[in-house]
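For reference, the structure is listed below as structure tokens.
The values are calculated or read from the model by the stated rules, or taken from the named source; none is laboratory data. All values derive from a computational prediction rather than experimental measurement. Every residue, glycine among them, receives a Cβ derived from its backbone with ideal geometry; neighbour counts consider all protein chains shown.
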Amino acid sequence: MRTDKINEECAVFGVSLYSEQAAGVTYNGLLALQHRGQEGAGIAISHNRSIVCHKDEGLVSEVFSGGILSRLPKGKVAVGHTRYSTTGCSSKENAGPFVTEYLTGRIATAHNGNITNAKEIRAELANLGLNFYATSDSEVVSSLAAYNISKEKSSLMGVALTASLLRGAFSLIIVTSKNKLIAVRDPYGFRPLCIGKNGIGCAVASESCALDTCGFEFVRDVLPGEVVMIEDGEITEQIIIKNEQQDQMFKEECHNLGLCIFEYVYFARPDSVIDGLSVYEARYNMGEALAREYPVEADAVCGVPDSGLDAAYGYSAASGIPLISGFVKNRYIGRSFIYPTQSKRDDAVRVKLNPLAANIRGKRIVLVDDSIVRGTTSEKIVKTLKNAGAKEVHMRISSPPFRHTCHYGTDIDSEENLIANNMNLDGICRKIGADSLGYISIDALKNACLKCTLSFCTSCFTGNSEANHLKKNILE
């Protein structure tokens, strides 16, 4: 099991349909987005001017097993959520969506990202008499939205006001008990969000792969800072939220913040298209760049499943070194495998990734992976290849070294635990047991993603002063 990979908080999926199929379509959408969060899942449905929600810890198929899905009410509008926790512990209470009641209705909120001023907002709302039952910042967002909808007497304007008060990263889908679906993306576009349409209505999703899976045709990405309202399967209103503090920072100092570039490196499914760029194409380009920056004499190239595979294709094409399958991945273990002893837990990587010795033995291997965080998993993978008979293992990484934590919903370890902050390149290479090591440069990574229509946030790699300045101001 891969224990030191970067994770990201959550997936969101919502529908506004002409017919009462919302629960089933949302379930299928969440299955397509399961890679973005495996700790909890939930679906909330607008029904009879109220909202019915079922959520729990576990995978989507676990949460809705035993006929639960068929027992949910029929409805035309629904929102779903899968969770990876970066704010708040893993629990049923912290699973999304969050349902919040106000004077004239209810809303259900699904959130992907991280709100850096959530504590301050929570304290202000508590002073107004609002109660909180979880520790997630998503509950704070839902409560603030409900309060502002009541205050503004408008779902659209209440959500827009809420978005203007939030700091950090947020892609939101909010469903009201009056059958409205509202999608919001933060002013920098840190997290993806897109819209699809077909003969039965509209859908909004974290990634386009979920639209494809559910039979919706991709229409467009939600723009940074945009609020989109959908009623009866049709987009009815669109506005751009104004946040004077963030606008001023963006103009003066934060010009290179934007979409988290790690969406292309690791988070997203390769069959998704985010802000104009195919995730597969971006990863292929990264592999080509690695071959140019770190050439080596070798007999074969292989990728670490799954996110290293596409970059391995690019490395092989650019270098002319044959591509092979280096591992057999066990896809049926899920989260239930038990490691009876510490020594067995130390060998956990072999449970999911077993080297294909017939392809490895006696060869010089270029091994392509997406990242190195603490180095423990990379060390085990290199060791398994050499134990399988690899003559040499040359590690190539499709992201730059991680050096900085992230406040926007990416679960990066504390900086003192990041291997790149404790060792130089040669030291890391020795630590993981590789014969050579190369990380893609930040410029090459950006060039690999040039077709993206947005700027990028790369502060986890660069620690640039612009990003740090924004974090400082937001957190204060």
Item to complete: Hey, can you tell me all the residues within the range 331-356 that are modelled with pLDDT of 55 or more and surrounded by 13 or more Cβ atoms within 10 Å (Cβ to Cβ)?
Response: Asp347, Ala348, Val349, Arg350, Val351, Lys352, Leu353, Asn354, Pro355, Leu356
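Among Ser371, Ser378, which is the only one that is buried (at least 21 other Cβ atoms within 10 Å of the Cβ), part of a loop (DSSP other than H, G, I, E, B) and not β-branched (Val, Ile, Thr)? It would help to see each step written out before you state the result.
Values: Ser378 fails: part of a loop (DSSP other than H, G, I, E, B).
Answer to the check: Ser371.
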Worksheet item: Checking Arg106 against (1) farther than 30 Å from Thr410 by Cβ; (2) not in a strand (DSSP E or B), which single condition isn't satisfied?
Response: (2)
Practice prompt. Determine if the range 176-194 includes at least one residue that is surrounded by fewer than 22 Cβ atoms within 10 Å (Cβ to Cβ), outside the structural domain of Tyr280 (by TED's automatic domain parsing) and among the β-branched types (Val, Ile, Thr).
Written response: no
Worksheet, complete the sentence: Cβ pairs under 8 Å, 6+ apart or interchain, first in the range 169-192 and at positive phi, second not in a loop (DSSP other than H, G, I, E, B), ordered by first then second residue, are Asn179/Ser16; Asn179/Ser46; Asn179/Val77; Asn179/Glu231; Gly189/Leu259
Worksheet item: List pairs: first in the range 202-229 and touching a residue at least 60 places away in the same chain (Cβ under 8 Å) and of a type in the set (S, T, N, Q), second surrounded by 19 or more Cβ atoms within 10 Å (Cβ to Cβ) and in a loop (DSSP other than H, G, I, E, B), Cβ under 7 Å, 6+ apart or cross-chain?
Response: Ser206/Leu33; Ser206/Pro192; Ser206/Leu193; Ser208/Ser272
Response to the item:
Within the range 270-307, residues closer than 30 Å to Gly389 by Cβ and assigned to a loop (DSSP other than H, G, I, E, B) come out as Pro270, Tyr294, Pro295, Val296, Glu297, Ala298, Asp299, Val304, Pro305, Asp306, Ser307
Worksheet entry | Residues (more than 15 Å from Glu379 (Cβ to Cβ) and either among the small types (Gly, Ala, Ser) or touching a residue at least 60 places away in the same chain (Cβ under 8 Å) (or both)) located in the range 413-430 | Asp413, Ser414
Worksheet item: Given the conditions (1) under 27 Å from Ser272 (Cβ atoms); (2) in a loop (DSSP other than H, G, I, E, B), and given that Cys53 satisfies all but one, which numbered condition is not satisfied?
Response: (2)
Fill in: Considering residues of the range 172-213 that are touching a Phe, Trp or Tyr at 6+ places or on another chain (Cβ under 8 Å) and of a type in the set (Ser, Thr, Tyr) only, the residue modelled with the lowest pLDDT
Tyr188
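Tally the residues that are in a loop (DSSP other than H, G, I, E, B) and β-branched (Val, Ile, Thr), restricting the search to the range 130-189.
Residues in the range 130-189 being in a loop (DSSP other than H, G, I, E, B) and β-branched (Val, Ile, Thr): 1 in total.
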Response to the item:
Gly113 fails exactly one of (1) in contact with a Lys or Arg (Cβ under 6 Å, 6 or more places away or on another chain); (2) loosely packed, with under 14 Cβ neighbours inside 10 Å; (3) not hydroxyl-bearing (Ser, Thr, Tyr), namely (2)
Worksheet item: Out of all the residues in the range 409-443, which are assigned to a loop (DSSP other than H, G, I, E, B), within 16 Å of Val373 (Cβ to Cβ) and either among the hydroxyl-bearing types (Ser, Thr, Tyr) or out of contact with any helix residue (DSSP H, G or I) (no Cβ under 7 Å at 6 or more places or on another chain) (or both)?
Response: Asp413, Ser414, Leu418, Asn422
Discussion item. So, in the range 11-50, how many residues would count as being surrounded by fewer than 19 Cβ atoms within 10 Å (Cβ to Cβ) and either among the hydroxyl-bearing types (Ser, Thr, Tyr) or in a strand (DSSP E or B) (or both)?
Written reply: 3
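Considering the range 56-87 alone, what residues qualify as being part of a helix (DSSP H, G or I) and hydrophobic (A, V, I, L, M, F, W, C)?
Val60, Val63, Ile68, Leu69
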Discussion item. Going by what's in this entry, would Tyr332 be described as without any contact (Cβ under 8 Å) to a residue 60 or more places away in the chain, within 24 Å of the chain's Cα centre (by Cα) and in a loop (DSSP other than H, G, I, E, B)?
Written reply: yes
Worksheet item: Taking interchain pairs and intrachain pairs at least six residues apart, which have beta carbon atoms under 6 angstrom, with the first residue in the range 69-86 and outside the structural domain of Thr410 (by TED's automatic domain parsing) and the second of a type in the set (Asp, Glu) and modelled with pLDDT under 85?
Response: Tyr84/Glu9; Thr86/Glu9; Thr86/Asp411
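The rows are residues; the columns are (1) of a type in the set (A, V, I, L, M); (2) touching a Gly at 6+ places or on another chain (Cβ under 7 Å).
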| residue | (1), (2) |
| --- | --- |
| Ala388 | yes, no |
| His394 | no, no |
| Pro400 | no, no |
| Asn417 | no, no |
| Leu425 | yes, no |
| Lys431 | no, yes |
| Asp435 | no, no |
| Tyr439 | no, no |
Worksheet item: Out of curiosity, is Val279 touching a Pro at 6+ places or on another chain (Cβ under 6 Å) and buried (at least 24 other Cβ atoms within 10 Å of the Cβ)?
Response: yes
